[in-house]
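To start, the structure under review is shown below, and the notes come after it.
The values are calculated or read from the model by the stated rules, or taken from the named source; none is laboratory data. In this text, all values refer to a predicted model and were calculated from it rather than measured experimentally. Every residue, glycine as well, gets a Cβ built from its backbone with ideal geometry; the counts of neighbours run over all protein chains shown. In case anyone asks, the SASA skips ligands and DNA or RNA and just uses the protein heavy atoms, side chains included. Shrake-Rupley method; radii C 1.70, N 1.55, O 1.52, S 1.80 Å.
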Amino acid sequence: MGRRVLLTGLGTFWGGKVAQALEKRDDVDVIVGMDVSEPLVELERTEYVRADETYSILTRIVEATQVDTIVHTFLVVDSTQMRFRRLHEINVIGTMNLLAAAGASNTPVRRVVVKSSGLVYGCSGRDPLWFNEETPRSDPPATTVEDSLMAAEGYLRDFAKDNPHVGVTLLRFSNVLGTDIETPFTEALTRGFAPSIFGFDPQLQFVDETDVVSAVEFATTRDCPGIFNVAGDGLLPWSEVAKLCGATLLPLPPVFTELAARPLRRLGLAPFPPEVLRLLRFGRGIDNRRYKDLGFTYRYTSLGAVERFAKQRRLSKAVGPLGRQYTYDRDVESFFHHSPAVVRSPHT
Amino acid sequence: MEAGIVEESTAASRLGAGTIVPLKRPEPQPGAPSAERLTDIDEWGRSESIRSLARKGFQFFYDKYFRVEWEGLDKIPTEGGALLVANHAGAVPMDAPVIMHGIEQELSRPVYGLADHFFRQLPVVGTLWSRAGGVPAHPENAYRLLREQKQLALVFPEGTKGPSKLFTQRYRLRRFGRGGFVEIAMRAGVPVVPIAVIGTEETMPILIRLNSLAKVTGLPYFPITVNWLLMGPVLGTALSLPAKIKLRVLDPVHFPVPPDQERYSKSRVMDEAENIRISIQEALYDMLAHRGNPWLG
């Protein structure tokens, strides 16, 4: 019997991509995706449930669908996406409720996969070059997004302790680059002006979006409890990344950096929030060997991810933006999913 | 048109209706096909081309200015990891560049200089320092360099207590930290190679230290040096006095303990650290006893 998967954040970039990847697998029988907003990608057999981000109806959904795996992709790691209050609600309160429901007595849930970020390691001058999964932070968290991710990971740790029969996998991702996703990095590199901090050229690490999706898929369809870093091999100086992408560095002063960055951020010139700005000073490397030892293979190194991104950027410069074609329409989707007129294979 | 449909339907029936045909995923290609670096900056931030440029610039100082002389350079391993440990002196210490330059020229293998994370936090200086082979002294960094990458790493266990001492205290070694360097060498399973350096104390002697100014500027120490009195604050900071620098490499110390242990006996670590300190101290006294004029050697 295949897996029955419940996915959070189906309407987000990652939720949609992961659902698409899981749909292709024979060993996944059912995919139920939750979100407040409608999916952005075309889905074949994923069921979409509109639910608020505090997951108040989760217990009922779990009971009704008898899912055995929960994939929690809905942790917001890019603080430019929304206001702090909402981010806190989603990351901390959302995770807390999700895990509370997953840990209710008699739930069929046996596996939880959470997509977190390397942001939890922080970024400070006292850091080692490489963080492995156990390396502690050098400084206490200074930004809301880091705070909220650490709180969410704390709930997950407690959950794993209280529910030894549930395999909990925590994935921490490095800076994501990709042709489809928007992050402060992709935005800066696309605009052609990449903020930097004068006198600093940090070593940065990247992971390609396709590797992110397959890493979540890998954890979902296997038994691999534990914490794992997911990042491309190798580190690159920021100046070299910018050069590879054809972007010009826009140096910010090394003192009062945040003060200088704020108006630029407002103008849309430097989309870097404080936690990413710190990366431009000291960089961060997260050691990806533990996940590799488990059998996961990457398609791209840090350099490969940058290269792929740069190539795509040149293409879209030449032919114009390759926009998304698909728009979700509830009636149409429900027609495809449920109408007897649609010829379905017995699998779905 | 017709033929196409027939073909398609037979293909479908062969596979059985509704079978999900697994698409063959492209083989993972580490590095991606066309990916090529633009620089030779390694993961530590060191660039061999910048380093060799720096060596070219320093060659004059090494040969003509400090007239560096080595003793026992053959004791430094030509392959495998090793932790080089030396005494540290002079307000702007010249021992690090001299040791790194000498070994890289003679043995043609890179030396990574471990230093306080203070450098990393300085704009421009921190970047140049890292390009030239500087690495923040963190146990994890040292372990990775020594054990996994089998490199040479240089460390000054006295830390800032060495270069900040007054000229009246010259050649008297400070405490060797908390023995962390021994513990790292044990964990990494590499020998410690002690190096005694003389002449560096005379390159930039400290007369007094202004602690209040150190606090205001955020520097680890704020010295008034002989160089300042002779050449003023700018040139006096940049230029060392031309003392003759001599180095003696002592016998490598191997630790008969298994690597990769979680903990090592603290008393053992402290004893080994103290023995290494004493051996460098004795070598210094011996070298100084044979030295004539500090400027001519």
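If only one of A:VAL276, A:VAL306, A:VAL332 is of a type in the set (A, V, I, L, M, F, W, C), in a helix (DSSP H, G or I) and either within 30 Å of A:ARG45 (Cβ to Cβ) or in contact with a Ser or Thr (Cβ under 8 Å, 6 or more places away or on another chain) (or both), which one is it?
A:VAL332
Only one of (1) in a helix (DSSP H, G or I); (2) small (Gly, Ala, Ser); (3) within 13 Å of chain B (Cβ to nearest Cβ) is not met by A:GLY232, so which one is it?
A:GLY232 satisfies all of (1) in a helix (DSSP H, G or I); (2) small (Gly, Ala, Ser); (3) within 13 Å of chain B (Cβ to nearest Cβ) except (1).
Going through B:VAL124, B:VAL111 one at a time, which residue ends up being aliphatic (A, V, I, L, M) and within 9 Å of another protein chain (Cβ to nearest Cβ)?
Details: B:VAL111 fails: within 9 Å of another protein chain (Cβ to nearest Cβ).
Criteria check complete, one pass: B:VAL124.
Can we say A:ALA160 is under 25 Å from A:ILE70 (Cβ atoms), open to solvent by 20 Å² or more (accessible area, probe 1.4 Å) and modelled with pLDDT of 95 or more? Write out each step before concluding.
Details: under 25 Å from A:ILE70 (Cβ atoms): yes; open to solvent by 20 Å² or more (accessible area, probe 1.4 Å): yes; modelled with pLDDT of 95 or more: yes.
Considered against the rule, which asks whether it is under 25 Å from A:ILE70 (Cβ atoms), open to solvent by 20 Å² or more (accessible area, probe 1.4 Å) and modelled with pLDDT of 95 or more, A:ALA160 comes out as yes.
Residues checked against (1) open to solvent by less than 30 Å² (accessible area, probe 1.4 Å); (2) closer than 18 Å to B:ALA185 by Cβ; (3) touching a Lys or Arg at 6+ places or on another chain (Cβ under 6 Å); (4) without any contact (Cβ under 8 Å) to a residue 60 or more places away in the chain:
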| position | (1), (2), (3), (4) |
| --- | --- |
| B:PRO97 | no, no, no, yes |
| B:GLU104 | yes, no, no, yes |
| B:ARG147 | no, yes, no, no |
| B:LYS150 | no, yes, no, no |
| B:ALA153 | yes, yes, no, no |
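Please tell me if A:ALA102 is away from chain B (no Cβ under 14 Å) and either open to solvent by 10 Å² or more (accessible area, probe 1.4 Å) or acidic (Asp, Glu) (or both). Step through it out loud before you land on a result.
On the way: away from chain B (no Cβ under 14 Å): yes; either open to solvent by 10 Å² or more (accessible area, probe 1.4 Å) or acidic (Asp, Glu) (or both): no.
Here the answer is no, as A:ALA102 does not meet what is asked.
Confirm whether A:ARG86 is of a type in the set (D, E, K, R), surrounded by fewer than 16 Cβ atoms within 10 Å (Cβ to Cβ) and under 19 Å from the mean Cα position of the chain (by Cα). Steps first, please.
Values: of a type in the set (D, E, K, R): yes; surrounded by fewer than 16 Cβ atoms within 10 Å (Cβ to Cβ): yes; under 19 Å from the mean Cα position of the chain (by Cα): yes.
Here the answer is yes, as A:ARG86 does meet what is asked.
Just checking, how many residues over region A:258-287 are of a type outside the set (A, V, I, L, M, F, W, C), open to solvent by less than 10 Å² (accessible area, probe 1.4 Å) and within 14 Å of another protein chain (Cβ to nearest Cβ)?
Filtering region A:258-287 for residues of a type outside the set (A, V, I, L, M, F, W, C) gives A:258, A:262-263, A:265-266, A:268, A:271, A:273-275, A:278, A:281, A:283-285, A:287.
From the residues that got through so far, the ones that are open to solvent by less than 10 Å² (accessible area, probe 1.4 Å) too are A:273, A:275, A:283, A:285.
Subset that is within 14 Å of another protein chain (Cβ to nearest Cβ): A:283, A:285.
Qualifying residue count for the region: 2.
Which of the residues that make up region A:27-56 are without any contact (Cβ under 8 Å) to a residue 40 or more places away in the chain, within 14 Å of another protein chain (Cβ to nearest Cβ) and farther than 16 Å from A:VAL213 by Cα?
A:ASP29, the sole residue that qualifies.
May I ask you to list the residues in region A:175-196 that are more than 17 Å from A:ASP78 (Cβ to Cβ) and away from chain B (no Cβ under 13 Å)? Write out each step before concluding.
Quick first cut of region A:175-196, residues more than 17 Å from A:ASP78 (Cβ to Cβ) only: A:192-193, A:196.
The answer is A:GLY192, A:PHE193.
Going by what's in this entry, would B:SER212 be described as among the small types (Gly, Ala, Ser) and open to solvent by 50 Å² or more (accessible area, probe 1.4 Å)? Spell out how you get there, then give the answer.
Working: among the small types (Gly, Ala, Ser): yes; open to solvent by 50 Å² or more (accessible area, probe 1.4 Å): yes.
Against the criterion (among the small types (Gly, Ala, Ser) and open to solvent by 50 Å² or more (accessible area, probe 1.4 Å)), B:SER212 qualifies.
Return the pair list, or none, for Cβ contacts closer than 6 Å from residues in region A:168-197 that are of a type outside the set (Val, Ile, Thr) to residues that are part of a strand (DSSP E or B) and surrounded by fewer than 22 Cβ atoms within 10 Å (Cβ to Cβ), at least 6 apart or on different chains.
Sorted first by the residue in region A:168-197, then by its partner, the pairs are A:LEU170/A:ILE227; A:PHE193/A:THR248; A:PHE193/A:LEU250; A:ALA194/A:LEU249; A:PRO195/A:LEU250; A:SER196/A:LEU249; A:SER196/A:PRO251.
Would you mind stating whether A:ASP293 is more than 14 Å from chain B (Cβ to nearest Cβ) and under 23 Å from A:GLU133 (Cβ atoms)?
Working: more than 14 Å from chain B (Cβ to nearest Cβ): yes; under 23 Å from A:GLU133 (Cβ atoms): yes.
When the stated conditions are applied, A:ASP293 passes them.
Quick grid of which residues meet (1) within 29 Å of A:ARG289 (Cβ to Cβ); (2) open to solvent by 30 Å² or more (accessible area, probe 1.4 Å); (3) more than 10 Å from every other protein chain (Cβ to nearest Cβ):
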site: B:LEU83; (1), (2), (3): yes, no, yes
site: B:VAL92; (1), (2), (3): no, yes, yes
site: B:LEU128; (1), (2), (3): no, yes, no
site: B:ASN141; (1), (2), (3): yes, no, no
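Name the one entry in A:LEU10, A:LEU43 that is in a loop (DSSP other than H, G, I, E, B), modelled with pLDDT of 90 or more and under 21 Å from the mean Cα position of the chain (by Cα).
Details: A:LEU43 fails: modelled with pLDDT of 90 or more.
Checking each option against the conditions leaves just A:LEU10.
Can you find a residue in region B:209-220 that is at pLDDT below 95 and under 22 Å from the mean Cα position of the chain (by Cα)?
Yes, region B:209-220 has at least one match.
Out of A:ASP127, A:ASP78, which single residue is crowded, with 21+ Cβ neighbours inside 10 Å, within 14 Å of chain B (Cβ to nearest Cβ) and among the charged types (D, E, K, R)? Before you say what the answer is, go through the steps one by one.
Numbers: A:ASP78 fails: within 14 Å of chain B (Cβ to nearest Cβ).
On inspection, the qualifying residue turns out to be A:ASP127.
Residues being within 11 Å of chain B (Cβ to nearest Cβ) and either of a type in the set (S, T, N, Q) or over 23 Å from A:PHE282 (Cα atoms) (or both): count how many of those fall in region A:197-216.
Total satisfying the criteria: 5.
Check off (1) part of a strand (DSSP E or B); (2) open to solvent by less than 20 Å² (accessible area, probe 1.4 Å) for A:VAL212 and give me the number that stays unchecked.
Every condition holds for A:VAL212 apart from (1).
Among the residues of region A:105-113, are any of a type in the set (A, V, I, L, M) and surrounded by fewer than 18 Cβ atoms within 10 Å (Cβ to Cβ)? I'd like the intermediate steps shown before the answer.
So the first thing to find is which residues in region A:105-113 are of a type in the set (A, V, I, L, M), and the list is A:109, A:112-113.
From what's left, surrounded by fewer than 18 Cβ atoms within 10 Å (Cβ to Cβ): none.
Checking region A:105-113: not a single residue is of a type in the set (A, V, I, L, M) and surrounded by fewer than 18 Cβ atoms within 10 Å (Cβ to Cβ).
What number goes with the only condition from (1) over 14 Å from B:ALA91 (Cα atoms); (2) touching a residue at least 24 places away in the same chain (Cβ under 8 Å) that B:PRO220 does not pass?
The number of the failed condition is (1).
Could you count how many residues in region A:1-34 are in contact with a strand residue (DSSP E or B) (Cβ under 7 Å, 6 or more places away or on another chain) and open to solvent by less than 20 Å² (accessible area, probe 1.4 Å)?
Residues meeting the conditions: 18.
Pull out all pairs, ordered by first then second residue, where Cβ-Cβ is under 7 Å, the residues are six or more apart or on different chains, the first lies in region A:242-256 and is in a loop (DSSP other than H, G, I, E, B), and the second is among the hydrophobic types (A, V, I, L, M, F, W, C) and open to solvent by 70 Å² or more (accessible area, probe 1.4 Å).
Every condition considered, the pairs that remain are A:ALA247/A:PHE193; A:PRO253/A:PHE198; A:PRO254/A:PHE198.
Quick check on my filter: what residues within region A:54-76 are in contact with a helix residue (DSSP H, G or I) (Cβ under 9 Å, 6 or more places away or on another chain) and within 17 Å of A:VAL18 (Cβ to Cβ)?
A:VAL67, A:THR69, A:ILE70, A:VAL71, A:HIS72, A:THR73, A:PHE74, A:LEU75, A:VAL76
Name every residue in region A:46-74 that is part of a loop (DSSP other than H, G, I, E, B), open to solvent by 10 Å² or more (accessible area, probe 1.4 Å) and closer than 19 Å to A:GLU217 by Cα, in order of residue number.
Selection gives A:ASP68, A:PHE74.
Please determine whether any residue of region A:217-229 is among the charged types (D, E, K, R), more than 14 Å from A:LEU177 (Cα to Cα), modelled with pLDDT of 95 or more and open to solvent by 10 Å² or more (accessible area, probe 1.4 Å). If you could, list the steps in order and put the result at the bottom.
So in region A:217-229, the residues among the charged types (D, E, K, R) come out as A:217, A:222-223.
Still in the running and more than 14 Å from A:LEU177 (Cα to Cα): A:217, A:222-223.
Add one more test, that the residue is modelled with pLDDT of 95 or more, and what stays is A:217.
Right, trim to open to solvent by 10 Å² or more (accessible area, probe 1.4 Å) and you get A:217.
Checked region A:217-229: at least one residue is among the charged types (D, E, K, R), more than 14 Å from A:LEU177 (Cα to Cα), modelled with pLDDT of 95 or more and open to solvent by 10 Å² or more (accessible area, probe 1.4 Å).
Given the conditions (1) away from chain B (no Cβ under 14 Å); (2) touching a residue at least 24 places away in the same chain (Cβ under 8 Å), report the number of the one that A:LYS161 does not fulfil.
Unmet for A:LYS161, out of (1) away from chain B (no Cβ under 14 Å); (2) touching a residue at least 24 places away in the same chain (Cβ under 8 Å): (2).
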